[in-house]
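*Asks:* I'd like to ask you about the structure that follows.
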Amino acid sequence: MEPHIAIFPSPGMGHLIPLTELAHRLLLHRRLFITFIIPTVAGSPVKPQNDILNAMPENISSIFLPPVNLNDIPEDAALETRISLTLTRSLPALRQTLTDLTSGSLRKKPSALVVDIFGPPSFELAKEFNIPAYMFCTFSAMTLVCTFQTPIIDQMYACEYKDLPEPVRLPGCLPAESVQDKKNETYLRMVELSKMYSLPKGVLVNSFLELEPGSFKAMEEGDWCKPKIYPVGPLIHAGSQDLNSEGFECLKWLDKHPVRSVLFVSFGSGGTLSQKQLHELAFGLEQSGQRFLWVVKSPQGKSNASYFNAQSHLDPFGFLPDGFLERVEDRGLVVSYWAPQVEILRHGSTGGFFTHCGWNSILESVVCGVPMIAWPLFAEQKMNSVLLTDGLGVARRVKVDENGVVGRDEVSKCVSSLIKGEEGRKMRMKMSELKGLGAMALSQDGSSTRSLLSVAQEWCD
């Protein structure tokens, strides 16, 4: 009988999509059955997840767990807290599902349980059912290194890290600010979660050796890294099979413009801007004089406001500066909420990507060979921007003023430099090299393919 793999993702498309790509990649090399066990939140949309899962091959099935209620959580609770509680409150339903798979009428006991970065609390259930547990890392290898290190430095220093006379030296740097504040509830949760990262049999990382050699070497050589590490990336969404009319319009609009002349502006499925920041971005794009394709959302008070919630019914165009659309209509296209990101990045007219530095978006840029302007908003995105700018030299990071706003002059300067300047040309050359290395990693005898085959063989044995 073919091995059966159970996958338990965190909520959010940014977690589900790379895991579905992992499933596709596995099926290229091994005959497997895969079941996605999906946690849900009351009131959150499930149609986008359904659309992706319904398009999967027949030997990949899905089970949606009963929605959990987060109404008792403060509205300003950190994103990490909401995700962690969703998974924790879904554990009873996961136990029942594993019971059904193991001894019920289905009788398809999993050969492995694969969870993502917020899923380690389920390791106890895997142990209870005698199922080997693995983790799939949806962030960079550098962030994984720092996550392994978080419990260690928590024990080393009693004071706040910002009060230390010298920087903490790690094979990377600390992630989001909430994880640097030791009195923050999110910090305490992340420390406890990080301790569980040593429990799985292996960790599959959506990155590749040639992109982050230092981080992978640190994990291979460090006695603090207990699980076996498998770099299996870059795994990105293959693209939309059936583009809607708006998606087609985006691509037809790009067809009209010269090669590498258009800046793509998008802050991912979860990223949002304030009203003031939205205006400054609009004026900066206008002031730059460059072509752009902008995916705009209604302004929100939090940078991650649309992560869990359905899209606002408010028309985002109504929040743009008066006359903006008319003034830029000859060189700018503005679309609401969604655009086919992978197809846009692959298009020959796209010359740069204004991004929030989510890891999925970064990998899509690498695979498509598009340099970036880095505008990190939340989670580990500031850390990713350091990797892109200081480590790889394929992005320019925006500067924030004393009020926490990226001004129009800064936007204009960054856009012009990337599309027309010498700095952009150099970044484009470096990104072209990374694109080649990423393709090589996924080739028949590439580093990521060998790594994936190694873990797949464990499951088959």
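The values are calculated or read from the model by the stated rules, or taken from the named source; none is laboratory data. These figures come from a predicted structure and were not determined experimentally. Using ideal geometry, Cβ is built from the backbone for each residue, glycine included, and neighbour counts are taken over all protein chains shown. To get the accessible areas, we keep the full protein, side chains included, count just its heavy atoms, and leave off ligands, DNA and RNA. Shrake-Rupley method; radii C 1.70, N 1.55, O 1.52, S 1.80 Å.
*Asks:* Quick query: amide H of Ser274 versus all other amide H atoms, modeled in the peptide plane; which residues come in under 5 Å with a sequence gap of 5 or more or a different chain?
*Replies:* Those lying under 5 Å, H to H, from Ser274 are Gln300.
*Asks:* So what's the back-of-envelope 222 nm ellipticity for the chain, counting only DSSP H runs of four-plus at -39500 (n - 2.57) apiece and dividing by all residues, rounded to 500?
*Replies:* -12500 deg cm²/dmol
*Asks:* With a 1.4 Å probe and all protein chains left in place, how much accessible area per residue does the chain have, in Å²?
*Replies:* Spelled out: the 1.4 Å probe surface of the chain, per residue, equals 43 Å².
*Asks:* Which value results for Rg/Rh of the range 404-461 when Rg is the Cα radius of gyration and Rh the Kirkwood radius based on the inverse mean 1/r?
*Replies:* When Rh is taken as the Kirkwood radius, the ratio is 1.35.
*Asks:* Write down Rg/Rh for the range 249-438, rounded to two decimals, with Rg from the C-alpha atoms and Rh from the Kirkwood relation over Cα pairs.
*Replies:* When Rh is taken as the Kirkwood radius, the ratio is 0.93.
*Asks:* Using amide H atoms built 1.01 Å from N in the peptide plane, name the residues 5+ places from Ser62, or on other chains, whose amide H lies under 5 Å from its own.
*Replies:* When sequence neighbours closer than 5 places are left aside, the close amide H contacts are Phe36.
*Asks:* Roll a 1.4 angstrom probe over the protein heavy atoms and tell me the percent of accessible area of the chain that is carbon or sulfur.
*Replies:* That share works out to 51 percent.
*Asks:* May I pose another question? Could you name the lysines whose alpha carbon sits less than 20 Å from that of Lys413, not counting residues in the same chain fewer than 8 places away?
*Replies:* Hits, sequence-local ones excluded: Lys276, Lys399, Lys426.
*Asks:* At most 13 other C-beta atoms within 10 Å and a DSSP loop state: those are the exposed trypsin sites (Lys or Arg not before Pro) I care about. Give me the longest piece of the chain that has none.
*Replies:* In short, 257-398.
*Asks:* Sticking with this one: So if I average 1/r over every pair of distinct C-alpha atoms in the range 360-431 and take the inverse, what Kirkwood radius in Å does that give?
*Replies:* 12.6 Å is the Kirkwood radius here.
*Asks:* Using a 1.4 Å probe, how large is the accessible area of Trp338, given in Å² and rounded to the nearest 10?
*Replies:* About 90 Å², rounded to the nearest 10.
*Asks:* Per-residue HN-Hα couplings for the range 223-235, Karplus 6.51 cos²θ - 1.76 cosθ + 1.60 at θ = phi - 60°, whole Hz, x for Gly and Pro?
*Replies:* 6, 7, 9, 7, x, 6, 9, 10, x, 10, x, x, 9
*Asks:* So, with +1 on the Cβ of K and R and -1 on the Cβ of D and E, and no other charges, what is the size of the charge dipole of the range 24-109 about its Cα centre, to the nearest 20 debye?
*Replies:* Charge dipole, the range 24-109, about its Cα centre: 640 debye, nearest 20.
*Asks:* Turning to a different aspect of this structure: Rounded to the nearest Å, what's the spacing between the alpha carbon centres of the range 117-170 and the range 204-276? Just the number, please.
*Replies:* For the range 117-170 versus the range 204-276, the Cα centre distance is 23 Å.
*Asks:* A 20 angstrom limit on the alpha carbon distance is what I want to check against. Which of Lys252/Lys420; Lys382/Lys420; Lys162/Lys195; Lys162/Lys182 exceed it?
*Replies:* Lys252/Lys420; Lys382/Lys420; Lys162/Lys195
*Asks:* Semi-axes of the chain's equivalent ellipsoid from the Cα gyration tensor, sqrt of 5 times each eigenvalue, largest first, rounded to whole Å?
*Replies:* 35, 25, 23
*Asks:* Follow-up question, since we're still on this one. DSSP loop (so not H, G, I, E, B), at most 10 other Cβ within 10 Å: list which GluC sites (Glu not before Pro) in the range 380-429 pass both filters.
*Replies:* Glu402
*Asks:* Please give the helix 79-89 orientation as an angle from the longest Cα principal axis of the chain, in degrees from 0 to 90, rounded to the nearest 10.
*Replies:* Helix 79-89 and the main axis of the chain meet at about 30 degrees.
*Asks:* Which aspartates and glutamates, on any chain, are close to Lys183 with Cα under 17 Å apart, when same-chain ones fewer than 8 places away are left out?
*Replies:* Lys183 reaches Asp76, Glu80, Asp154, Glu160, Asp163, Glu192.
*Asks:* Taking H as built 1.01 Å from N, whose amide H comes closer than 5 Å to the amide H of Leu263, not counting residues under 5 places away?
*Replies:* HN-HN under 5 Å from Leu263: Arg291, Phe292, Leu293, Gly351.
*Asks:* Then there's this: Tabulate in residue order the Karplus-calculated ³J(HN,Hα) for the range 390-400, using 6.51 cos²θ - 1.76 cosθ + 1.60 with θ = phi - 60°, rounded to whole Hz; enter x for Gly and Pro.
*Replies:* So the J values, rounded to whole Hz, are 7, x, 9, x, 10, 8, 10, 8, 6, 9, 9.
*Asks:* In what order, largest first, do Trp253, Trp359 sit by accessible area if the probe radius is 1.4 Å?
*Replies:* Trp253, Trp359
*Asks:* So, with +1 on the Cβ of K and R and -1 on the Cβ of D and E, and no other charges, what is the size of the charge dipole of the range 249-438 about its Cα centre, to the nearest 20 debye?
*Replies:* 500 debye
*Asks:* While we're looking at this one, here's another question. If the cut-off is 19 Å between C-alpha atoms, which lysines fall inside it for Lys201, apart from same-chain ones fewer than 8 positions away?
*Replies:* Qualifying lysines at Cα under 19 Å: Lys109, Lys127, Lys217, Lys226, Lys228.
*Asks:* Enumerate the calculated ³J(HN,Hα) couplings along the range 329-335 in order (Karplus 6.51 cos²θ - 1.76 cosθ + 1.60, θ = phi - 60°), each rounded to whole Hz, writing x wherever the residue is Gly or Pro.
*Replies:* With the stated coefficients, the range 329-335 comes to 4, 7, 9, x, 10, 10, 10 Hz.
*Asks:* Enumerate by residue number the GluC sites (Glu not before Pro) in the range 58-125 meeting two conditions: DSSP loop (anything except H, G, I, E, B), and at most 16 other Cβ atoms within 10 Å of the site's Cβ.
*Replies:* Glu58, Glu75
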